[in-house]
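Novice: The structure that follows is given in the form of structure tokens.
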Amino acid sequence: MADEKLKSAAPKRKKGSAAKKRVEPTKEDRINAERERLTDIYKTIEEKRRLTVRGLIERAAYMLVTLQDLEKDLDEKGIWEMFRQGDQEPYERKRPAADFYNQINNSYQKIIKQLSDLLPKEEPKAKEEGDGFDEFVVNRE
């Protein structure tokens, strides 16, 4: 009996009300998040390179988000479209978004390469002292 009273006292939920729509972040929000992620990676960069890095990070963040948007568009609408010019028969051609995607992707890869080259090089690990076996094999006659 007590269980029945608890069940009846609980508020009734309408079906579907629990599944609220997730708010998608704006393009600017996504760019800001990527900018912050990259800035965190390059926070230890030396002062004289900081302005260069800041500009590259701005471009890279914008390009990455644009590439993501173009990928979504290409996944939904495809790479090819039917095209007609004047009285010609329609023919299939690559969508301009696909070419734009390739151009931005190439530029993005170049910027990431530039940014990677600006990172401090890691020190090579100190060579471990061995037991002499490798030296023996190399130097034996």
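Novice: Using the C-alpha atoms of the stretch 26-118, what convex hull volume per residue, in cubic angstrom, is computed?
Specialist: In the stretch 26-118, the Cα hull volume divided by residue count equals 110 Å³.
Novice: Just rank THR44, THR66, fewest to most, by other beta-carbon atoms within 10 angstrom.
Specialist: THR44, THR66
Novice: What is the order of MET63, MET82, fewest Cβ neighbours within 10 Å to most?
Specialist: Values: MET63 20, MET82 8.
Least to most surrounded, the residues fall as MET82, MET63.
Novice: Multiply the residue separation of ARG37 and PHE136 by 0.36 nm, subtract the distance between their alpha-carbon atoms, and state the gained length in nm to one decimal.
Specialist: Numbers: separation 99, 0.36 × 99 = 35.64 nm, distance 4.91 nm.
Computed gain between ARG37 and PHE136 is 30.7 nm.
Coordinate-derived values only; no laboratory data. These figures come from a predicted structure and were not determined experimentally. Here the Cβ is made from the backbone with ideal geometry for all residues, glycine too, and neighbour counts use every protein chain on show.
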